[in-house]
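The values are calculated or read from the model by the stated rules, or taken from the named source; none is laboratory data. Bear in mind that the values here come from a model prediction, so they are computed numbers and not experimental data. Cβ sites come from the backbone with ideal geometry, for glycine too, and all protein chains shown count toward neighbours.
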Amino acid sequence: MKNQVKKAVKKQKSVWTPAERAAWRLPEKVTVSQWADANRVLPSDTAEPGPYRTSRTPYMREPMNAFCDSEIELIDIMSGAQIGKSSAIQNMVGYAIDQDPGPAMYVVPRDDDIVYASQKVFKPMIESSEALKNHTTGSPRDLQTEFFSFDRMTLYFASAGSPAEMAQKAIKYLFFDEPDKYPPFAGKEANPISLGVKRTTTFWDRKIVKVCTPTTKDGYINSSYVKSNMQEYYIPCPKCGEYQIWKFIQLRVPPKMHDPDEIRKKKDVWYECETCGYKIREEIKEQLVAAGKWVPAGQTIDANGNISGTPKRSKRHSGFHITSLVSPWKDWAEIMAEWFEANTEEEMAKGALLDFNNSVLGKPFEETGKKLKAKEVKKLLGSFSKGTVPGDCLLLVAGADYHKSRARGIVRIDYEVRGFGYGMKNWVIKTGSISSFEKLDEEVLLEPFPWADGTDNETKPWLAVTLMFIDSGYEPDDVYDYCRQRPRLTIPTKGMPGPLLRPIAASELETATEKRLSAHKRARYRGMQLLTIDTYYFKNQVTSWAEARVDENGKVIAGPLTQFYNEIPGYYFTEFTNEHLVKVHSSRGVAKWLWKPVTTGAPTHSLDTAVLCAAAGYYKGIHYLRRPGEKKKQAAVAAVMQQRLSSRRRGPRRPAGDAFLDDMPEL
């Protein structure tokens with residue numbers, strides 16, 4: 001019986017063709033970097049033609065080898081230019097063709113890029129490598145423009161702007177080249193990244209690779225990288241041995257050497273160790289870079305190169321970020337020269353600083369607008385104490401942010417009392433953090449606030465809070481119950497990150513159903529309202545109040561409108577200034593400005609309470625506060641303007657002769 005089985009097996013083997021045997025052959029136990037060193041040959045039109053050497057870009061060894069790690073599914077490489085990332089993704093494609101075949105797709109930004117990628121990059125790569133050439137049949141149809149046919153797999157080339165090229169193809173290996181240059185939408189279906197990923201769902205061992213120089217924080221590569229294990233490349237100092245990420249801020253030139261041409265000529269540039277201050281010269285850069293190590297977020301590395309700690313995320317999604325400071329083709333003198341060139345007024349207008357940030361530092365650029373500095377806002381302290389009201393104040397309002405404390409996990413209410421006077425002048429009277437609505441009543445609503453100059457209540461009545469807005473984002477029912485017991489004095493709100501059509505919009509929370517009300521009163525009663533606040537509008541307002549007003553020449557024409565009580569804690573200003581305006585682009589490519597945190601995760605409660613106070617003041621009509629006699633003056637001006645408008649409607653005035661030319665407005 002055993003002899004019959006052996007004969008049957010021997011007979012079965014004899015009928016298999018060489019191609020069938022090759023199809024069932026297991027991959028060799030080699031990594032992508034080892035395969036590239038043995039089989040990859042760079043063509044003559046590259047910077048360094050000849051056999052590929054991973055030792056030239058040792059920092060790319062681990063990103064490439066992640067492709068053959070069974071635990072890793074998603075790979076992101078976010079870096080500066082001239083770093084070797086293009087060769088890395090090409091090596092991954094070559095490894096798949098030769099060692100572990102499966103249907104693959106290579107996605108480029110535009111239709112025109114397909115021809116360049118297939119015929120100018122991958123076709124020469126295949127023809128110059130015997131290992132890859134052996135997988136072609138020799139037919140001229142093997143290496144067509146839009147797909148390459150091999151003995152065991154097909155490599156497709158697709159454009160991010162053509163969804164039809166991505167549809168109806170099952171893909172095991174998906175390569176995204178420069179995804180930040182992709183269009184926001186491929187037709188009307190979805191973004192090109194999502195379309196491509198859907199094609200890989202049938203393969204349990206799929207690999208999705210993104211390689212890109214970043215553009216903005218909302219770009220595809222950065223948005224994906226921040227979801228990965230976020231690995232950075234640490235390099236040791238030759239003196240103290242401490243490992244560190246090389247940062248552009250540590251590059252140094254001699255004092256007063258700011259001329260780009262002089263920097264290029266003298267090449268007197270060094271890297272200063274963050275720990276010991278040692279001057280690292282570029283002559284030993286290659287040796288130090290080779291000793292570097294990749295460290296995921298959440299872990300640390302000591303002077304002996306030992307990595308410890310718990311990674312922030314699993315390596316299933318491995319992300320790698322590195323700057324051009326480590327590149328063998330980008331010397332430090334050239335980087336410093338480009339920096340000084342990019343910071344000239346002319347080059348900044350052309351976007352050179354943005355390009356430097358992307359292509360050299362490998363960092364996404366975030367275009368920011370208004371941004372306050374805490375140390376500048378701290379200068380706005382007034383001469384009045386906490387809980388007292390300056391004499392010019394006419395109206396008091398309050399804002400309360402009801403939320404859960406991140407640190408202690410308990411309910412917390414941050415509040416602020418702000419006063420308003422003529423000309424939008426305002427004062428922060430009182431701030432604090434409490435744990436209950438009962439204490440909020442005691443701190444804000446129950447007692448009026450005395451005058452800062454000591455005037456008694458009989459001589460000049462003290463001011464009390466006339467309206468308080470309470471944010472209802474956390475446990476809204478609790479806020480509604482509290483406000484329902486204090487009608488017209490407290491109103492629940494919710495913030496929307498605008499810009500909206502109106503700064504404040506009202507919606508009804510309940511209707512009058514009480515039988516005690518007459519039909520007439522029931523018809524007029526609308527119940528408690530919930531106010532939607534345009535946070536974009538009011539953040540612009542409260543931050544502008546804390547800034548000096550300047551004319552078009554930068555000359556200060558009026559000081560800030562806001563003053564803070566003298567004992568206000570320092571953390572208030574840190575929270576108040578922890579948001580800035582940032583330009584973001586929607587999925588359809590439309591740009592708009594939004595308020596975003598300067599430091600992600602840091603609190604912004606003081607800014608939130610200031611916004612609620614500004615909204616409450618708007619609701620109470622602070623824009624219409626006028627000094628005595630000012631209303632008559634404005635009414636007279638309005639009457640004159642109305643008269644001029646009426647005369648224009650009747651027709652233009654045409655003096656005799658050429659005198660009408662003097663009446664024409666200047667353009």
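Summary table below
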{"quantity": "Test: residue in segment 205-216 that is touching a residue at least 24 places away in the same chain (Cβ under 8 Å), in contact with a Cys (Cβ under 8 Å, 6 or more places away or on another chain), farther than 11 Å from PRO364 by Cα and outside any strand (DSSP E or B)", "calculated": "no"}
{"quantity": "Meets criteria (under 27 Å from THR562 (Cβ atoms), out of contact with any helix residue (DSSP H, G or I) (no Cβ under 7 Å at 6 or more places or on another chain), modelled with pLDDT of 85 or more and not in a strand (DSSP E or B)) for LYS371", "calculated": "no"}
{"quantity": "Residue within segment 155-164 that is under 26 Å from the mean Cα position of the chain (by Cα), within 19 Å of ILE72 (Cβ to Cβ) and modelled with pLDDT under 95 present", "calculated": "no"}
{"quantity": "Of the criteria (1) among the charged types (D, E, K, R); (2) modelled with pLDDT under 95; (3) within 28 Å of ARG313 (Cβ to Cβ), which one ARG264 fails", "calculated": "(3)"}
{"quantity": "So ALA639, is it among the small types (Gly, Ala, Ser) and at pLDDT 70 or above", "calculated": "yes"}
{"quantity": "Of all residues making up segment 487-508, the number that are of a type in the set (Lys, Arg) and closer than 21 Å to LEU440 by Cα", "calculated": "2"}
{"quantity": "Extreme residue, modelled with the highest pLDDT, among residues of segment 467-505 that are within 17 Å of TRP595 (Cβ to Cβ) and in a loop (DSSP other than H, G, I, E, B)", "calculated": "PRO503"}
{"quantity": "Hey, SER118 closer than 22 Å to VAL326 by Cα, among the polar types (S, T, N, Q), in contact with a strand residue (DSSP E or B) (Cβ under 8 Å, 6 or more places away or on another chain) and in a helix (DSSP H, G or I) or not", "calculated": "no"}
{"quantity": "Qualifying residue in segment 247-254 (condition: closer than 27 Å to ARG56 by Cβ, touching a residue at least 12 places away in the same chain (Cβ under 8 Å), assigned to a helix (DSSP H, G or I) and within 26 Å of the chain's Cα centre (by Cα))", "calculated": "yes"}
{"quantity": "GLY621 of a type in the set (Gly, Ala, Ser), over 24 Å from the mean Cα position of the chain (by Cα), under 15 Å from LYS539 (Cβ atoms) and modelled with pLDDT of 75 or more", "calculated": "no"}
{"quantity": "Enumeration of residues in segment 198-208 that are among the β-branched types (Val, Ile, Thr) and closer than 12 Å to PHE175 by Cβ", "calculated": "THR200, ILE208"}
{"quantity": "Counted residues, segment 599-617 - those being touching a Lys or Arg at 6+ places or on another chain (Cβ under 7 Å) and not in a helix (DSSP H, G or I)", "calculated": "0"}
{"quantity": "Tally, over segment 444-471, of residues that are closer than 18 Å to TYR565 by Cβ, among the charged types (D, E, K, R) and within 38 Å of the chain's Cα centre (by Cα)", "calculated": "0"}
{"quantity": "Close pairs from segment 451-465: first surrounded by 12 or more Cβ atoms within 10 Å (Cβ to Cβ), partner hydroxyl-bearing (Ser, Thr, Tyr), Cβ under 8 Å, at least 6 apart", "calculated": "TRP451/THR388; ALA452/SER383; ALA452/SER385; ALA452/THR388"}
{"quantity": "Scan of segment 128-180 for residues that are surrounded by fewer than 20 Cβ atoms within 10 Å (Cβ to Cβ), in contact with a Gly (Cβ under 9 Å, 6 or more places away or on another chain) and in a helix (DSSP H, G or I), ordered by number", "calculated": "ALA131, PRO163, ALA164"}
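Each row is one residue, and each column tells you yes or no for (1) within 24 Å of VAL93 (Cα to Cα); (2) modelled with pLDDT under 90.
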position: GLN168; (1), (2): yes, yes
position: PHE176; (1), (2): yes, no
position: LYS188; (1), (2): no, yes
position: ILE193; (1), (2): yes, yes
position: VAL209; (1), (2): yes, no
position: THR215; (1), (2): no, yes
position: SER224; (1), (2): yes, no
position: ASN229; (1), (2): yes, no
